[in-house]
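Accompanying notes for the structure given below.
The values are calculated or read from the model by the stated rules, or taken from the named source; none is laboratory data. Bear in mind that the values here come from a model prediction, so they are computed numbers and not experimental data. Cβ atoms come from the backbone with ideal geometry, glycine included; neighbour counts cover every protein chain shown. The accessibility values were calculated without ligands, DNA or RNA, using every heavy atom of the protein model including side chains. Shrake-Rupley method; radii C 1.70, N 1.55, O 1.52, S 1.80 Å.
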Amino acid sequence: MNLYKNETSYRHDQAPRIGVLITNLGTPAAPTAKAVRPYLREFLSDTRVVEIPRLIWWFILNGVVLLTRPPRSAHAYAKIWTEQGSPLLVNTQKQAAAIAEQLGESYVVAYAMRYGQPSIAAGLQQLKMANARHIIVLPLYPQYAASSTGSTFDAVAKELTQWRWVPELRFVGSYHDHENYINVLAASVKQHWQQHGRAEKLVMSFHGLPKAHLLQGDPYFCQCHKTGRLLAERLQLSSEQYQITFQSRFGAQEWLQPYTDVTLKQLPTQGVKNIDVICPGFSSDCLETLEEIMIQNQELFKAAGGEQFKYIPALNAEPAHIEMLTQLIKQQTQGWQLSQEGSINIKVRAQQQGAQQ
């Protein structure tokens, strides 16, 4: 029995390349309950995401969550869906294309989603077909969390167990305090201020996690605070001029605080009625930034007496962001030397050794 069926297409005459796999969380294929349900099932079945005993969670997931949540989520997705599709997928496609253009022909770039399509397995297969003998995986999560970055590593490792020839692998765990990342974030804020004016306070909203993850050793909370502190220092903000918050919680357990929605309802009562909001942990605009922040949380802020709410977009495929990611990839791939022998010579040598391809 051949355990490595996907190796049958290997060609001995291919010149080796450096493979780059950029990944993000994922998206349903359409803004419908029918499309959202399998996406949520895959996402919420990940033991990295929901750390509840499996048997108990199976009944909750299938008996409650997947019956009630898909229609609500589909309604939210419909508010931000574009003619090209999901904003997250569209942005990731643009990022991959721009990075590939900057890296040149010695590299091959693929993109993948942890949940949904294109899968991480499909992205790795694309790199293998291009004879990527060295692969760097770059999850587009600046701050490490077991439920995001860690889960991505799980999916990569699972796929590679099926490969006969495992490539040299490097995995970027985080870049939360990378100087160029902070510089690009700061430049985006300054550009926003130049175009729209400067608000009383800058709210930095990061995706939330259950507090239990922090207590069990997850570095995410600390890395978010370091990103926020470095960004504030770069912008020369005092402690009163910015605030770090956490969004997107669900369930009854306590999550990382302060909560974004609660904070935005409180600020007007404290006399802060003009705010800028940035989401430094999101490399692409998506449901959490475009619907949760720009629509839901803006409504909460203004209903509480807030007057001006301005969202600073994610870095997306902006040239400065692409340059930063490209430089990060080059730094991480230093020391990888590819054979300079041409593909024609490689083919000749392979044939001399009896290869059939």
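Taking label points 7 Å from Cα along the Cα-to-Cβ direction, Lys330 and Ala97 give a separation of 2.3 nm. Using only the Cα atoms of region 62-141, each taken as one equal point scatterer with no solvent, compute I(q) by the Debye sum, divide by I(0), and report log10 of the ratio at q = 0.13, 0.15, 0.19 Å⁻¹. Treating every Cα as an identical point scatterer, log10 I(q)/I(0) equals -0.55, -0.68, -0.92. Across all Cα atoms of region 260-300, the radius of gyration (one decimal) and Dmax (whole number) stand at 10.8, 32 Å.
For the options Leu21, Leu325, Leu267, a Gaussian network treatment of the chain with springs between C-alpha atoms closer than 10 Å singles out Leu267 as fluctuating the most. The per residue volume of the convex hull around the alpha-carbon atoms of region 115-196 is 138 Å³. Over the C-alpha trace of region 198-289, radius of gyration and Dmax come out as 13.3, 39 angstrom. Say R0 is 35 Å: what FRET efficiency, to the nearest 0.05, do Leu169 and Lys79 get from their beta-carbon distance? Plugging the Cβ-Cβ distance into 1/(1 + (r/R0)^6) gives 0.35. By accessible area, using a 1.4 Å probe on protein heavy atoms only, region 1-150 has 59% of its surface on carbon and sulfur. Gyration tensor over the Cα atoms of region 212-257: the corresponding equivalent ellipsoid has semi-axes (square roots of 5 times the eigenvalues, largest first) of 25, 13, 7 Å.
Please quote Rg/Rh for the chain to two decimal places, taking the Kirkwood radius as Rh and restricting both calculations to Cα atoms.
Radius of gyration relative to Kirkwood radius: 1.01.
Between the residues Ser147, Ile52, Leu160, the greatest Cα displacement towards the positive end of the dipole of region 43-167, with unit charges on the Cβ of Lys, Arg, Asp and Glu, is found for Ile52. Here the extension length gained between Glu42 and Phe59 equals 4.6 nm, from 0.36 nm per residue of separation less the Cα-Cα distance. Applying 0.36 nm per residue to the separation of Lys211 and Asp177 and subtracting their alpha-carbon distance, the gain on full extension is 10.0 nm.
Could you give the length gained on full extension between Ala304 and Gln337, defined as 0.36 nm per residue of separation minus the Cα-Cα distance, in nm?
Full extension of this stretch gives 6.0 nm more.
Enclosing the Cα atoms of region 214-348 in their convex hull gives a volume equal to 202 cubic angstrom per residue. Each listed q (0.12, 0.29, 0.30 Å⁻¹) maps to a log10 I(q)/I(0) for region 22-73, found by the Debye formula over equal Cα scatterers with no solvent: -0.27, -1.14, -1.18. Sorting Arg72, Arg37 by solvent-accessible area of protein heavy atoms yields Arg72, Arg37, largest first, with a 1.4 Å probe.
Report for the chain the percent antiparallel among DSSP-assigned beta bridges with both residues inside it, nearest 5.
That works out to approximately 5 percent antiparallel.
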